[in-house]
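Undergrad: Could you have a look at this structure, given as structure tokens, before my questions?
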Amino acid sequence: MRLQALATAAVLALAAAACSEQKSAPAAAETAAPALTGRAAVYAAGEKDAEAFVRALYARAAAPQTTPDPAEATITPGRDPLYSRTMNALIGVDDREAKRKKRAPHLDDDPLCGCRDAEAFALKSVTMTPDGPRAATAEIVFTNRGQDQRRTLKLLKEGPMWRIADVIDDKGGSLHDELMAIAEKAES
């Protein structure tokens, strides 16, 4: 009986030692996850808050694209998670009308910078104004190709993520309104 008690105590001591050794090595979940980049970073920021979403959008524009973003390849016009449902519907109509008329779509460049390619791009400031619990306006100033530019983004929170509902350029032109005009002509 005494031998069995000693054996049990030895087994328990070995188990406790093994447990304490395991605690000193980091678990797989505790190791640092790789930093998100590209659209993945924007999507994650979009679930955080409106300002984080805007900053991630413009950080993506500023980052050099050395490899293709796998999330970009799966996006078709009118189905972009960065835009609201209404904007996606309007972008889809613009794309269909362009194909039907065999011309380039109105939305042929990146509306966030008004350019095809960003060069020497830098975000200078973001000023956020809440427009309600699920809406916000972002006033953005950035530099592209050595010139300061401004954009105003109207944002909506749809589901868990903030999305772009409109982009207003530095001359006051609304992308939503321009695409709506195309959609209204397509119906007539």
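Undergrad: Would you list Ile164, Ile75 from the most to the least accessible area, probe 1.4 Å? Write down the numbers at each step before the final one.
TA: Details: Ile164 0, Ile75 40 Å².
My answer, sorted largest first, is Ile75, Ile164.
Undergrad: So who's got an amide H within less than 5 Å of the one on Glu47, skipping anything under 5 residues away but keeping other chains? H placed 1.01 Å off N, in plane.
TA: Correct list: Trp162.
Undergrad: Just to be sure I understand the model, the point goes 7 Å from the Cα along the line to the Cβ. What's the resulting Glu72 to Asp131 distance in nm?
TA: Result for the modelled spin labels: 2.8 nm.
Undergrad: Now for a separate question. At 7 Å along the Cα-to-beta-carbon direction for both Glu139 and Asp177, put a label point, then send me their distance in nm to one decimal.
TA: Result for the modelled spin labels: 1.9 nm.
Undergrad: Here's a follow-up. For the pair Gln147 and Asp169, what calculated FRET efficiency results from E = 1/(1 + (r/R0)^6), where r is the Cβ-Cβ distance and R0 = 22 Å, to the nearest 0.05?
TA: Numbers: r = 13 Å, r/R0 = 0.60.
Efficiency for this residue pair is about 0.95.
Undergrad: Just report the Cα centroid separation between region 152-169 and region 81-135, whole Å.
TA: Between the Cα centres of region 152-169 and region 81-135 lies a distance of 10 Å.
Undergrad: Taking H as built 1.01 Å from N, whose amide H comes closer than 5 Å to the amide H of Cys115, not counting residues under 5 places away?
TA: Asp110
The values are calculated or read from the model by the stated rules, or taken from the named source; none is laboratory data. In this text the structure is predicted, and so the values were computed from the model without any measurement. Neighbour counts are summed over all protein chains in view; Cβ atoms, including those assigned to glycine, are modelled from backbone coordinates with ideal geometry. Ligands, DNA and RNA are stripped out before the accessible areas are found, and what is left, the full protein with its side chains, is counted by its heavy atoms. Shrake-Rupley method; radii C 1.70, N 1.55, O 1.52, S 1.80 Å.
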